[in-house]
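The values are calculated or read from the model by the stated rules, or taken from the named source; none is laboratory data. Not measured: the values here are computed from a predicted model. All Cβ positions, glycine included, derive from the backbone under ideal geometry; neighbour counts span all protein chains shown.
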Amino acid sequence: MKMTRILAFVAGALLVNVTSPVTAQNIVVGGKNFTEQQIMSQMTAQLLQAKGFKVDVKAGMGSAVLRQAQENGQIDVYWEYTGTSLITYNKINDRMSAADTYAKVKDLDAAKGLVWLNPSKANNTYSLAMNQDDAKKQGIVSISDLAAKVKGGAKLTFASNAEFYARPDGLKPLEQAYGFEFPRESVKRMDTGLVYQALKEKQVDVGLVFATDGRIPAFNFVVLKDDKGFFPNYALTPVVRKQVLDANPKLAEYLNALSAKLDDATMARLNASVDVDKKTVEDVAKTFLKEQGLV
């Protein structure tokens, strides 16, 4: 009788182990150090918690540090941009379509044990922006128009974060592609958040922005058309360690469902809720997940 009870207990324990892998798995969600990434890490955490996962959040990291942490197995999932992986992590500077960029990074990163799930329609590429009234007054619609003005002697100042200033897809290659160059004294390097403020207060004429940033419409900025197609596609996409995904295949279903709800306008609205309306990242994430029926 005693042996029967022991066998029944073991069988029950095995059954629990087989049928409830979710509760046994602790998922570490990462994120970078700007608003959109903070929102995505919080939404991912809340979504997975609602599905029964135990979640740790490690947000606010730099791009290179976060990527290395995932490759080292310290971060299980975070939302990356296709263009960042292509250029920064895989050192490929070829111009590709959005579909080809995704296919390329999916293939290259698979060799590193990373799985790219379905890309969203949110393309948070770099952009150059001006105050709408200033751009209209000077007749600047595109980056080519801006280049022509600078080459013609217009004293236009440009605000950029330090990363873009030095990136392989950053300022110098952009200037080469469009055949112009800001004078050294006209380039003001500052934190990303300060770029928007400086442009809003007209301390600078042109600023580096992210295409899905909610402050663009809120501050009445206009994005200059990238008429030479310099900036690559930066599709916001969930990336998961293969080892973790293999152990928890439902992760793909949950994260792909969230990815399908995202586009440029949606991300701009969510970002503005935090940066302009001053709502908390946690509340913005919670409201969106409920509105979309994801939790």
> For the subset of segment 1-40 comprising residues that are under 20 Å from Q243 (Cα atoms) and polar (S, T, N, Q), which member is modelled with the lowest pLDDT?
Replying inline: T19
> Which is out of contact with any Cys (no Cβ under 6 Å at 6 or more places or on another chain) and within 22 Å of Y81 (Cα to Cα), of A129, A148?
Replying inline: A129
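Do we have any residue at all in segment 215-238 that's of a type outside the set (S, T, N, Q) and within 19 Å of A45 (Cα to Cα)?
yes
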>> Any residue that is more than 28 Å from S273 (Cβ to Cβ), in contact (Cβ under 8 Å) with a residue 60 or more places away in the chain and part of a loop (DSSP other than H, G, I, E, B) - is there at least one of those in segment 168-185?
In response: yes
> Among A218, A211, which is more than 25 Å from Y165 (Cα to Cα) and at pLDDT below 95?
Replying inline: A218
> Among (1) at pLDDT below 95; (2) more than 17 Å from the chain's Cα centre (by Cα), where does V206 come up short?
Replying inline: (1)
> Do we have T266 as in the same structural domain as G52 (by TED's automatic domain parsing), under 18 Å from D109 (Cα atoms) and crowded, with 16+ Cβ neighbours inside 10 Å here?
Replying inline: no
> Could you count how many residues in segment 226-259 are assigned to a loop (DSSP other than H, G, I, E, B), of a type outside the set (D, E, K, R) and surrounded by 14 or more Cβ atoms within 10 Å (Cβ to Cβ)?
Replying inline: 6
> Can you name the residue in segment 127-144 that is more than 25 Å from the chain's Cα centre (by Cα) and closer than 26 Å to M96 by Cβ and is also surrounded by the most Cβ atoms within 10 Å (Cβ to Cβ) among such residues?
Replying inline: S144
> What are the residues in segment 146-163 that are outside any loop (DSSP other than H, G, I, E, B) and surrounded by fewer than 17 Cβ atoms within 10 Å (Cβ to Cβ), if any?
Replying inline: A148, K151, A162, E163
> Within segment 80-118, how many residues are in a strand (DSSP E or B) and out of contact with any Phe, Trp or Tyr (no Cβ under 6 Å at 6 or more places or on another chain)?
Replying inline: 4
